[in-house]
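*Asks:* Can you keep this structure in mind? I'll have questions shortly.
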Amino acid sequence: MTRKTKTRSAKGGGKQDREAVILGLFREFPNNKFTLKHLASVSGGASKEGCRETFDILERLFDQGIVEECSRGKYRLTNSHLPHYEGIADMTSSGSLYIRVEGLEEDIFVNQRHAANALDGDRVEVAVLHKSRDGKMEGEVTRIVERSRKPYVGVAEVGAHQIFVKPDSRKMPMDIFLPKKKYPQVKDGEKVVVRIAEWALGSKSPVGELVDVLGLAGNNDTEMHAILAEYDLPYRFEPEIEEAAQAIDGRITQQEIDRRRDFRRVTTFTVDPADAKDFDDALSIRRISDGVWEVGVHIADVTHYVHPHDTIDTEAEERGTSVYLVDRTVPMLPERLSNELCSLRPHEASLCFSAVFTINENLELLDEWFGRTVIYSDRRFTYAEAQEVIETGKGDYAEEILTLNRLAQALRRERFKHGAISFDREEVKFRLDESGKPLGVYIKEQKESNQMIEEFMLLANRRVAEFCGRRKTEKGRHVERTMVYRVHDTPSEEKLDRFRQFILRFGHIFKATKGRAVAKELNKLFAQIKGTTEENAVTTMAVRSMAKAYYSTDNIGHYGLAFPYYTHFTSPIRRYPDMMVHRLLAHYLDGGKSLPKEEIEALCERASEREVIAAEAERASIKYKMVEFMKEHLGEEFDGHISGLTEWGVYVELEETHIEGMAFLRDIEGDFFAFDEANYEIVGRSTGRSMTLGDPVRIRVKRADLQKRQLDFELLLPGMPARHRSGDPDFHGSRGGHTANGGSSGSRSKSPEVRHSSHRRGR
């Protein structure tokens, strides 16, 4: 402070209140500079006495190092007393950060110049420098609490004395330095995996440590392994895991058979994709009486071979799930288990954990039984083979398949009647040559054979969940027990409102606001848009408006399926939660008491996290193959429709392949187009021509960037004159200041990418 006076002691509640108000004001608006008069006025009055009291308070705060005089007569908080938070850094393609802080609704933005060499995934301490009226905060990183150990994949550029790795990830915008003397084996053009070892302040590049050399960039195996490494997913089993798997005794003894219910003489078969190698579920069926059937859902008994906390179980827990890339499966369990011992192969006896239902044509569940079984698969059907039987009524086990399908379709109708949502989305598949190069793209439809399997898996999952989760006492009361549930929360009103506004652009009205009415309205909408150009865009937005399903010991039900109890029991070969469910079911069948939740809940959280990572890797592999396929079609023209709009361009989905790319507004010939967010359309400045979601368009394939898994299209508009790009500086480039790769300078926007949809059995 510029002037010193004797510090007065604050006597009385009024002065203490004034000090609290002043401190609160500084902390609420850390970027603001306040005058003495302003502070006096808002804290109790700018009278002569009020100003004197305020000055005394400021003097004390100055002496304590809380405030500083930044200019004559103006005061602000010192940096050390700015609001500080701890959170996880999320890096943009420009090098700026968004800090995710638990408990805060808005992330804290950090400009690159204030990032203090923090990187994506780092745990950092951040001081808030600026807070806008709408609550958005801007800050600077003051300390890196914990450096992330996430791997980065990139291409090595080997010079005479150094190696620089150019990362594939847009969340690492700077090259990573590797000491050439330390890593002489790295060759130019190879894809490598590195981790950040250090990054000293003032240094232009972080220093990395080599994790693995994957091979030459562009090679199919290299690129698939690169995707796995990018998400820190293993692409091989360590020798000790393989050795442990080989050591398992796979013999089925008579003693073991005697402990189980024998289904070997009951008609049993599997139905799987044509390229499946692991068959983890089978159906059996036999007639009990007229109109009454016994249907068995038989699941590979993985936990017979894999015991808690053994070598294989620990590895399976770590992996959490199998990963399905376009051209390969990265299994959760070693091949000895997934493709041999636990695969329900035809004409072999197999050990199973089964759910057996006695059901009539009216879908009345007359009886149910859970327990360990031995089966003999009579036939392995592909989905196409089973579908042919359904459509023609002829073929192996035609009566059994037709009966199962009839019951399944009735179960399906009943499920939707009770409020289930019909998210039947198309799945993009590839025809690949021996080297993994895509030769063609096709759309896989979900037919009745898929639905037949799905409905009985859903039935088993639902009934196992209720049996384990609810114990019926001798007095008829139901007592809840610890269980692994697959839960799905109701959609938030905010997301539903955004969805409602979105579909209004297509002329669709969504009336429902909450409860089961939402599901009913969604199914009605899906029926209306079936086969229309906006179908994919609307379905995608509908999915985004829903909550995410996850694993938990706290049962809130499954909203999307309209089940009060639901779990995953049917795929223990590829999902660790299913193994957990098998163990819980066995425990309760043996009369065990409810188990403590803490350890099981931690495993649920871990499995949910691994599921998300695996899904991202699967999507990345599909994006890569889509771009690789389109790379052979550069300069060619295709019909499509607009599937998304942004301030810098439009997403276009091709009609035949459903491949999606970005067409930049700046590249449209004949006019200067801008995004009208209020009406959700792009509008030509000169012609007034407008385009919105679902509009048919024609494009030319302009660029296919494999490294970034990004497709660029050029929008071709009939009847539009060529434009002189230098004619209007205001429209040169995009309004958002996007870089060449489509990323927004200083924004959180992601670069345009190919998007897809895929799903598997079990929700």
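*Asks:* Which ones in region 67-81 are in contact with a strand residue (DSSP E or B) (Cβ under 7 Å, 6 or more places away or on another chain) and either assigned to a helix (DSSP H, G or I) or under 19 Å from A127 (Cα atoms) (or both)?
*Replies:* Result: V67, E68, C70, Y75, R76, L77, T78, N79.
*Asks:* What number of residues within region 371-389 satisfy the criterion of being crowded, with 19+ Cβ neighbours inside 10 Å and within 35 Å of the chain's Cα centre (by Cα)?
*Replies:* Selection size over region 371-389: 5.
*Asks:* Now for a separate question. Which residues, taken from region 178-215, are among the polar types (S, T, N, Q) and either surrounded by 19 or more Cβ atoms within 10 Å (Cβ to Cβ) or out of contact with any Phe, Trp or Tyr (no Cβ under 7 Å at 6 or more places or on another chain) (or both)?
*Replies:* Within region 178-215, Q185, S203 qualify.
*Asks:* Let me ask something additional. Which condition does I443 not pass, out of (1) surrounded by fewer than 19 Cβ atoms within 10 Å (Cβ to Cβ); (2) in contact with a strand residue (DSSP E or B) (Cβ under 6 Å, 6 or more places away or on another chain); (3) in contact (Cβ under 8 Å) with a residue 12 or more places away in the chain; (4) in a strand (DSSP E or B), if it passes all the others?
*Replies:* Of everything listed in (1) surrounded by fewer than 19 Cβ atoms within 10 Å (Cβ to Cβ); (2) in contact with a strand residue (DSSP E or B) (Cβ under 6 Å, 6 or more places away or on another chain); (3) in contact (Cβ under 8 Å) with a residue 12 or more places away in the chain; (4) in a strand (DSSP E or B), I443 misses just condition (2).
*Asks:* Then there is this: Anything in region 288-303 that is over 24 Å from R236 (Cα atoms) and in contact (Cβ under 8 Å) with a residue 12 or more places away in the chain? List them, or say none.
*Replies:* Residues satisfying the conditions are I288, G291, V292, W293, E294, V295, G296, V297, H298, I299.
*Asks:* Now, a different point. Conditions: (1) outside any helix (DSSP H, G or I); (2) modelled with pLDDT of 70 or more. K4 meets all but one. Number of the miss?
*Replies:* The failed condition is (2).
*Asks:* Can you tell me which residue among I642, I613 is closer than 30 Å to L228 by Cα and outside any loop (DSSP other than H, G, I, E, B)? If you could, list the steps in order and put the result at the bottom.
*Replies:* Values: I642 fails: closer than 30 Å to L228 by Cα.
Answer to the selection: I613.
*Asks:* Look through A156, A89, A116 and report the one residue that is assigned to a loop (DSSP other than H, G, I, E, B), among the hydrophobic types (A, V, I, L, M, F, W, C) and at pLDDT 90 or above.
*Replies:* Selected residue: A116, the only one of A156, A89, A116 that is assigned to a loop (DSSP other than H, G, I, E, B), among the hydrophobic types (A, V, I, L, M, F, W, C) and at pLDDT 90 or above.
*Asks:* A127: at pLDDT below 90, part of a strand (DSSP E or B) and either of a type in the set (G, A, S) or touching a Lys or Arg at 6+ places or on another chain (Cβ under 6 Å) (or both), yes or no?
*Replies:* Criteria met by A127.
*Asks:* Could we say that D175 is among the charged types (D, E, K, R), surrounded by 13 or more Cβ atoms within 10 Å (Cβ to Cβ) and touching a Lys or Arg at 6+ places or on another chain (Cβ under 7 Å) here? Write out each step before concluding.
*Replies:* Details: among the charged types (D, E, K, R): yes; surrounded by 13 or more Cβ atoms within 10 Å (Cβ to Cβ): yes; touching a Lys or Arg at 6+ places or on another chain (Cβ under 7 Å): yes.
The answer is yes for D175.
*Asks:* Within region 396-416, is even one residue aromatic (F, W, Y), in contact (Cβ under 8 Å) with a residue 60 or more places away in the chain, surrounded by 15 or more Cβ atoms within 10 Å (Cβ to Cβ) and closer than 13 Å to I453 by Cβ?
*Replies:* no
*Asks:* Before we move on, is G419 in contact with a Lys or Arg (Cβ under 7 Å, 6 or more places away or on another chain), of a type outside the set (A, V, I, L, M, F, W, C), assigned to a loop (DSSP other than H, G, I, E, B) and within 30 Å of F526 (Cβ to Cβ)?
*Replies:* In short, yes.
The values are calculated or read from the model by the stated rules, or taken from the named source; none is laboratory data. Keep in mind that this is a model prediction, so the values were computed, not measured. FYI the Cβ positions are ideal-geometry reconstructions off the backbone, even for glycines, and counts take in every protein chain you see.
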